[in-house]
Structure formats: structure tokens, C-alpha cells
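Engineer: Handing you this structure, nothing more for now.
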Amino acid sequence: MILRAERRELGSCRAASLILTQSACVLALSFCVTACALAQTSAVDEIAKYRAALQDGNPAELWEARGEDLWKQKRGPKQVSLEGCDLGLGPGIVKGAYTRLPMYFADADRVMDLETRLVWCMVTLQAYNESQAKKQPFGNGERKSDIEALVAFVTSTSRGMPMNVALKHPKEVEMYQAGEKIFSYRGGPHDFGCVTCHADEGKRIRLQDLPNLTTREGAQKAYTTWPAYRVSQGELRSFEWRLYDCFRQQRFPELLFGSDASIALTLYLARNANGAIFDAPAIKR
Amino acid sequence: MKSPLISATIITIGVSACVTAASNEEISSKAAAMLKSSFKANGQATLDRLDQDATQHLCSEFAGKAPPRDVAQKIEALNLATVKYPTDGNLLGDWKNGEKIAQEGRGKQFSDDPAGPVGGNCYACHQLSPQELSYGTIGPSLYQFGKLRGYGPETQRYAYGKIYNPDAYAACSNMPRFGHNGILSEQQIKDVTALLMDPASPVNR
């Protein structure tokens with residue numbers, strides 16, 4: 001597969017090889033951050049420029065392409081593809097599905113986010129057992145995650161569409177309310193909750209800007225830009241990964257993949273992002 | 001002729017609202033139960049970290065905003081009673097160590113070495129020494145803290161107590177209770193207090 005990035009000039013980062021480009025950009029970015037700090041301004045403008053420069057050649061495309069292959073390939077003990085998977089709009093309909101998730105699925109009698117639903121389809125259609133399907137939720141260097149690739153593919157087909165999460169089923173309402181509570185739940189040795197870092201405007205940790213996720217605009221801006229290719233990690237990251245890593249910083253124990261707390265928080269933020277145009281997989285520092 | 005229909009409708013709406021609308025307490029306890037089943041212990045980050053003490057529990061009700069005055073007073077009294085001052089009466093350690101502790105971001109995450117350093121990470125949230133440009137803004141600038149407030153024993157006691165347990169002075173602070181929760185040792189708290197209070201510290205230059 002040829003990446004668009006490989007044929008383009010990316011501002012100061014010329015792309016002959018993507019790998020080289022990446023590290024050059026990381027260097028350029030850390031230089032930008034230092035320079036901005038010296039000027040006592042936020043690093044956000046430089047990062048925005050950096051993103052704009054790379055947007056044409058987001059390495060997330062590699063994950064999207066691999067995810068599309070995984071979606072169409074006959075896999076698992078039953079040797080069937082995921083094309084019969086119902087992501088909420090009917091079996092096989094991918095486009096737009098992400099803008100409506102998380103949602104209640106009657107067959108599972110559970111509110112599910114995209115990651116959980118993908119695992120469900122791998123189990124029910126392809127006959128993987130659950131632990132096989134959940135084995136590698138997040139990529140780690142050489143060991144890439146099939147789930148993150150599938151997430152990249154599915155979400156990419158919703159790009160440009162408005163977020164449209166309904167709260168109709170009582171279980172959806174219940175999940176949303178739980179998500180709102182969990183967002184405020186403070187605990188652990190540092191007394192942190194999501195609200196510690198994400199309930200005020202214009203705050204930052206060191207030089208990292210913190211979105212206020214309690215406002216509509218804040219939730220919209222953040223939610224519509226995940227999943228994202230993380231330049232600093234060389235990985236595409238799903239929304240569940242974002243939550244997993246924030247809980248780590250919160251000094252909580254390890255968030256279980258596909259857990260109700262993940263789904264509740266995702267539903268809370270996705271619903272608050274309603275109306276905003278989905279624009280991911282994005283690219284982030 | 002319409003009125004019976006209308007009142008029937010009102011009753012139906014009323015009843016279904018009663019059926020679907022969970023009380024705030026019910027939602028809170030559902031959320032807490034949900035949390036319990038959503039994590040696994042990882043090294044030092046054990047599951048008991050999900051259990052709240054009274055302060056954490058009360059503070060979770062206000063969605064990151066300040067609690068009403070009466071609740072705040074209760075929380076502050078509760079936390080003030082926990083502040084332990086050093087028995088030798090000396091509140092100021094070595095500001096140079098204090099600077100290192102203020103810089104150190106590691107500690108207490110499941111990804112941190114349990115035998116490794118545990119810092120205060122003060123720069124994550126505060127400006128302190130002017131040489132450090134990479135500072136956060138969750139808390140106020142502490143640049144010139146001692147110089148502006150005076151170096152006297154009362155300010156020393158406040159600074160030490162604040163780091164030990166910030167909720168003693170501002171209920172539901174976003175600042176961790178470093179002493180009360182056992183993040184920093186007494187000596188470490190003395191050292192960061194010196195960073196704020198020693199006239200020779202870069203914070204006050």
C-alpha cells in the first residue's frame with residue numbers, strides 16, 4: 001500500500017520514508033515546544049501547525065487499511081469475515097455506525113462501544129473465544145493490535161458525519177448517568193478524578209493543554225478527534241486506550257478492556273459531542 | 001371534556017418518570033459498583049484505591065466545582081484534624097532537594113517502579129522557580145511565595161500544612177493530600193516547604 005504521505009512534501013518534514021519523517025517531526029515538535037515555552041506561550045499553536053502539516057499523510061491510514069483487510073478476511077475457527085457484523089445500523093453497515101455508538105444492542109442485552117462490539121462479533125460470528133479476541137487490545141511496538149486496526153477502519157468511514165448518539169433505551173440512560181458520575185469520582189492516593197484535569201477552561205499540566213470535557217464544545221472537540229495516531233508512540237490509539245491511560249495518570253488500578261466504566265465514560269462523552277462533525281482517525285503529538 | 005385525558009396523561013408521565021428516573025444516590029451507587037467491576041489490580045495500584053474516604057466521597061458530588069459553604073466547612077475541619085507537624089518543630093528542610101521533589105513526576109502509577117522515586121510533581125500544576133518554564137496552571141503560581149507572604153512562622157505552618165493536606169484550607173482542592181495520603185514523607189514535605197519559604201530558594205529570588 002502506498003501512503004499518500006510518501007508522495008508529498010510535509011512542510012519542514014520531507015517524506016522520503018515515513019519512519020524517518022516521523023522521528024524528524026518528533027524532533028521538530030520538541031524543538032517547537034521548547035521554543036514556545038521560552039516565549040511563554042502555549043505550545044498549542046505549533047502543535048496545530050504540525051498536525052495540519054501531517055494531516056495529508058496521517059500514518060493512521062496504515063491502520064485503516066489493515067483494519068479493512070481484517071474486516072473482510074475470512075478468519076477464526078468458523079472462517080468467516082466480519083462483514084456480517086451488526087454495528088448498530090444492520091449487518092455489514094459500517095459507514096456512519098461510529099457516530100451512533102455506544103448504544104444498546106438487544107442481542108447482547110448490553111450497551112456497547114465499538115471495541116466491545118467488535119469483540120462480540122469476533123466471538124459470535126468467527127467463534128474466537130473471548131480471551132483470544134481481547135488478547136491484544138492495544139498495540140505495543142512490534143505487536144500490533146487487530147482491534148485498534150479495526151477501530152481505525154470503522155471510524156474512518158464516519159469521517160465528516162455528525163455525532164448522533166441517542167439516549168433512548170433505559171440502559172443507555174443508565175450508562176450515561178453512570179458515566180457522568182464516574183467522571184466526577186475522586187479517589188486513589190492523589191484524590192484525582194477526571195474532573196481534576198478536565199473540568200476547567202484553559203488549564204494545562206506542564207505544557208500540555210487540558211481540554212474541559214464538561215462543556216459541549218470541549219467534549220465535541222476532544223471526542224471527534226479520537227482514535228488518533230500518536231506520533232510520540234508510533235501507534236494508533238483507540239478511545240478505550242485514551243481512557244486507560246488517563247486512569248493510569250489518575251493513579252487508579254488498570255482499566256479492564258471492554259469494562260462498563262469504559263463504556264459509560266465513552267457514552268457520556270460521545271453523547272455530549274452530539275452534533276459535532278466526526279474527524280478521526282486524527283494525529284496527535 | 002379534555003381535562004380527564006390531560007390528567008391521565010400527566011399521571012402516566014408522572015408514573016413513568018418515577019419508574020425511569022433513578023435518584024442521585026441510586027446512580028452514585030450504581031456507578032461505584034460499576035467501577036468495582038471495571039478494574040484489575042496492577043502492582044502497587046490495588047483495587048482498594050477505588051474505595052473512597054469521606055472527603056473523596058463528599059467531593060465527588062460537586063462535579064469538580066466548589067461545594068456549598070456548610071459542606072466545605074465540614075470537609076475542612078475533617079482534614080485540618082489530620083495535619084501532623086514534625087515533632088522537632090522544624091518545618092524547613094533543604095530547598096535544593098525540594099526543587100528535585102517538585103520536578104519529580106514519577107510515583108504511584110501502576111507503570112512506576114514501586115521501589116523508585118515518588119515526587120510531588122508540583123510543576124505539573126504550579127509555577128515555582130522562574131528558571132523552569134515547563135509548568136502547569138491547574139494551581140496558582142507559587143513564584144515568590146515566601147517573599148510576598150513573609151517568611152514568618154505562621155506562613156511556614158500554613159505552607160507545611162497546605163502540602164500535608166490542602167483540603168484543610170480549601171475543601172475539595174484539586175491538589176493531592178501529600179502528607180495525609182502518604183505520597184510524600186515528612187522530610188520531603190519539609191524540603192518542598194523550604195523551596196517555598198527559604199529566602200535563598202530560587203522561588204523567592
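Engineer: Based on what the data block shows, is A:L167 among the hydrophobic types (A, V, I, L, M, F, W, C), part of a loop (DSSP other than H, G, I, E, B) and closer than 30 Å to B:Q103 by Cα?
Structural biologist: Against the criterion (among the hydrophobic types (A, V, I, L, M, F, W, C), part of a loop (DSSP other than H, G, I, E, B) and closer than 30 Å to B:Q103 by Cα), A:L167 does not qualify.
Engineer: Which residue is least open to solvent (accessible area, probe 1.4 Å), if the candidates are limited to segment A:121-147 and must be over 19 Å from the mean Cα position of the chain (by Cα) and of a type in the set (G, A, S)?
Structural biologist: A:A127
Engineer: Could you figure out which of (1) open to solvent by 50 Å² or more (accessible area, probe 1.4 Å); (2) outside any loop (DSSP other than H, G, I, E, B) isn't true of A:T155?
Structural biologist: Evaluating A:T155 over (1) open to solvent by 50 Å² or more (accessible area, probe 1.4 Å); (2) outside any loop (DSSP other than H, G, I, E, B) leaves (1) as the failure.
Engineer: Same structure, new question: What are the pairs, 6+ residues apart or on separate chains, where a residue within segment A:250-272 that is in the same structural domain as A:E180 (by TED's automatic domain parsing) and free of Cβ contacts under 8 Å to residues at least 12 places away in the same chain has its Cβ under 7 Å from a residue that is surrounded by fewer than 23 Cβ atoms within 10 Å (Cβ to Cβ) and among the basic types (K, R)?
Structural biologist: A:P253/B:K40; A:P253/B:R49; A:E254/B:K40; A:L256/B:K40
Engineer: Output the residues belonging to segment B:56-76 that are within 14 Å of another protein chain (Cβ to nearest Cβ) and of a type in the set (D, E).
Structural biologist: Result: B:E61, single match.
Engineer: Give me the residue from segment B:100-112 that is open to solvent by 30 Å² or more (accessible area, probe 1.4 Å) and more than 11 Å from chain A (Cβ to nearest Cβ) and, out of that set, farthest from A:F252 (Cα to Cα).
Structural biologist: B:K100
Engineer: Would you tally the residues in segment B:29-50 being free of Cβ contacts under 8 Å to residues at least 60 places away in the same chain and at the interface with another protein chain (Cβ under 7 Å from one of its Cβ atoms)?
Structural biologist: Result for segment B:29-50: 13.
Engineer: Might you let me know whether segment B:77-99 holds any residue that is among the aliphatic types (A, V, I, L, M), open to solvent by 60 Å² or more (accessible area, probe 1.4 Å) and at the interface with chain A (Cβ under 7 Å from one of its Cβ atoms)?
Structural biologist: no
Engineer: Suppose the filter is open to solvent by 30 Å² or more (accessible area, probe 1.4 Å), within 11 Å of chain B (Cβ to nearest Cβ), closer than 20 Å to B:S60 by Cα and out of contact with any Lys or Arg (no Cβ under 8 Å at 6 or more places or on another chain); does A:Q208 pass it?
Structural biologist: No, not satisfied.
Engineer: Within segment B:47-66, work out how many residues are at pLDDT below 95 and open to solvent by less than 60 Å² (accessible area, probe 1.4 Å).
Structural biologist: The total comes to 3.
Engineer: Output the residues belonging to segment A:251-262 that are open to solvent by less than 40 Å² (accessible area, probe 1.4 Å), facing chain B (nearest Cβ under 9 Å) and at negative phi.
Structural biologist: Within segment A:251-262, A:F252, A:P253, A:E254, A:L255, A:S259, A:A261, A:S262 qualify.
Engineer: Does any residue in segment B:179-205 that is at negative phi come within less than 9 Å, Cβ to Cβ, of a residue that is basic (K, R) and in a loop (DSSP other than H, G, I, E, B) six or more places away or on a different chain, and which pairs are these?
Structural biologist: B:G179/B:K84; B:H180/B:K84; B:I183/B:K108; B:I183/B:R177; B:E186/B:K84; B:P199/B:R205
Engineer: I'd like to verify a number: residues in segment B:138-161 that are within 14 Å of chain A (Cβ to nearest Cβ) and open to solvent by 40 Å² or more (accessible area, probe 1.4 Å), how many?
Structural biologist: 3
Engineer: May I ask you to list the residues in segment A:214-242 that are crowded, with 24+ Cβ neighbours inside 10 Å and within 14 Å of chain B (Cβ to nearest Cβ)?
Structural biologist: A:E240, A:W241
Engineer: Given the options A:L150, A:L167, name the one that is under 19 Å from A:R237 (Cα atoms) and either facing another protein chain (nearest Cβ under 8 Å) or touching a helix residue (DSSP H, G or I) at 6+ places or on another chain (Cβ under 8 Å) (or both).
Structural biologist: It is A:L150.
Engineer: Counting only residues that are open to solvent by 40 Å² or more (accessible area, probe 1.4 Å), away from every other protein chain (no Cβ under 11 Å) and in contact (Cβ under 8 Å) with a residue 12 or more places away in the chain, how many does segment B:113-137 have?
Structural biologist: Residues flagged as open to solvent by 40 Å² or more (accessible area, probe 1.4 Å), away from every other protein chain (no Cβ under 11 Å) and in contact (Cβ under 8 Å) with a residue 12 or more places away in the chain within segment B:113-137 amount to 3.
Engineer: Applying the selection to segment A:110-131, what residues are in contact with a helix residue (DSSP H, G or I) (Cβ under 8 Å, 6 or more places away or on another chain) and either on the phi > 0 side of the Ramachandran plot or free of Cβ contacts under 8 Å to residues at least 24 places away in the same chain (or both)?
Structural biologist: Selection gives A:V123, A:N129, A:E130.
Engineer: Then there is this: Need at least 2 residues that are at pLDDT 95 or above and open to solvent by 20 Å² or more (accessible area, probe 1.4 Å) per element, so show me which helices (runs of 4 or more DSSP H) inside segment A:1-113 make the cut, counting only ones lying wholly within it.
Structural biologist: A:60-72
The values are calculated or read from the model by the stated rules, or taken from the named source; none is laboratory data. All figures in this text were calculated on a predicted structure; none of them were measured in a lab. Here Cβ is always computed from backbone atoms with ideal geometry, including for glycine, and neighbour counts include all displayed protein chains. Just the protein is used for accessible areas: all its heavy atoms, side chains included, with ligands, DNA and RNA removed. Shrake-Rupley method; radii C 1.70, N 1.55, O 1.52, S 1.80 Å.
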